[in-house]
Amino acid sequence: MLPLPGYRVVRLLAELKAAARGFTWESAVWAESGRRRSPYRALVLFGLSARTRDALLADMCRRFFRVFPDAAALAAWRPAQDGGFAAGEARGIVRPGQLPVIASMADALTAGVPRERDGLLRIHGVGEKIAECVLAYGWGEEALPLDAHGVRVLSRVFGLGDRERTPAPLREGLKWVYHSQIKRFAALSIAMVDIHEILRLHGQLCCSRTPQCRRCPVSGCQSRRQPADEPASVELDPTIWDDWRELLYEPDAV
């Protein structure tokens, strides 16, 4: 675990959430429609997300779910001996390097989508971040995915060195802060999964590879290159994540 300053983490998240006024975070989405979520679809979508842009991922998963709409359909599938898809209808949906991941999912799904972290981690290609995604988005469990966007934001704001920019210790550090500051997070209506979304959205829109510091609402950033405009603001499309969020619902609910 990487120790993080609790009060500064809370302030950072409060500033970023306020700047994204009007955006609906995962905890609110789950409260409204979590009963419609498909753990199977969450597993497939996040399992195929590695090194895939959101727009391409959404299109890939739409085509995949037309062939394998539910866990039973994928569990019944078996790859050909050469590792390719046996059914010509599904050939070419995913990249060749993702075929072992799909095959491992098919094997695991004979017993259903795991609801515990260890079970998810036994699936080929599923690491800590994907497991946390499935727990949070598929099962509604308390979990904290942390992607490259979140790591980049934390690294810049807190001036972390190269050795401190490892997702796992940062994730555990954030979890510790969340539990130690639980009352403050509750007052801000920030659930654990929302921490990931707040950091990810800021990393996409403002704190990208080329940071837009003049639009950044974060105070006390140790890597700020330019002073912020007054008031600092980030243009936000509230539907920015709708394409992949909609794919997480059961087929008859989309």
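The values are calculated or read from the model by the stated rules, or taken from the named source; none is laboratory data. In this text, all values refer to a predicted model and were calculated from it rather than measured experimentally. In this analysis, Cβ positions are derived from the backbone assuming ideal geometry, glycine residues included, and neighbour counts consider all displayed protein chains. In case anyone asks, the SASA skips ligands and DNA or RNA and just uses the protein heavy atoms, side chains included. Shrake-Rupley method; radii C 1.70, N 1.55, O 1.52, S 1.80 Å.
Which of Ala58, Ala42, Ala143 moves most in a GNM of the chain, Cα contacts under 10 Å?
Ala58
Using a basic spin-label model with each label point 7 Å from the Cα along Cα→Cβ, how many nm lie between Trp176 and Glu32?
Each label point lies 7 Å from its Cα, and together they span 3.6 nm.
Suppose all protein chains stay in the model; what accessible area per residue would a 1.4 Å probe give for the chain, in Å²?
49 Å²
In a GNM of the chain with a 10 Å cut-off on Cα contacts, which of Gly140, Gly127, Gly161 has the highest mean-square fluctuation?
The residue that fluctuates most here is Gly161.
Once the principal axes of the Cα atoms of region 106-167 are found, what is the range along each, listed largest first in whole angstroms?
45, 22, 15
Quick one: compute the contact order of the chain, relative version, from alpha carbon pairs under 8 angstrom and 6+ residues apart, as a percent.
RCO, the chain: 30 percent.
Kindly identify region 33-172 as rounded, prolate or oblate by the Cα gyration tensor criterion: order the square roots of the eigenvalues as a ≥ b ≥ c, call it rounded if a/c is under 1.5, otherwise compare a/b with b/c, prolate if a/b is larger, else oblate.
prolate
If you stretched the chain out fully between Ala72 and Thr166, how much longer would it get, using 0.36 nm times the residue separation minus the C-alpha to C-alpha distance?
30.2 nm
What does the extension gain come out to for Met1 and Asp242, with contour length at 0.36 nm per residue minus their alpha carbon separation?
Full extension from Met1 to Asp242 adds 83.5 nm.
Report the percentage of all Cα-Cα pairs in region 134-220 whose separation exceeds 16 Å, rounded to a whole percent.
56 percent
What is the gain in length, in nm to one decimal, between Arg11 and Glu250 on full extension, counting 0.36 nm per residue of separation less the C-alpha to C-alpha distance?
82.4 nm
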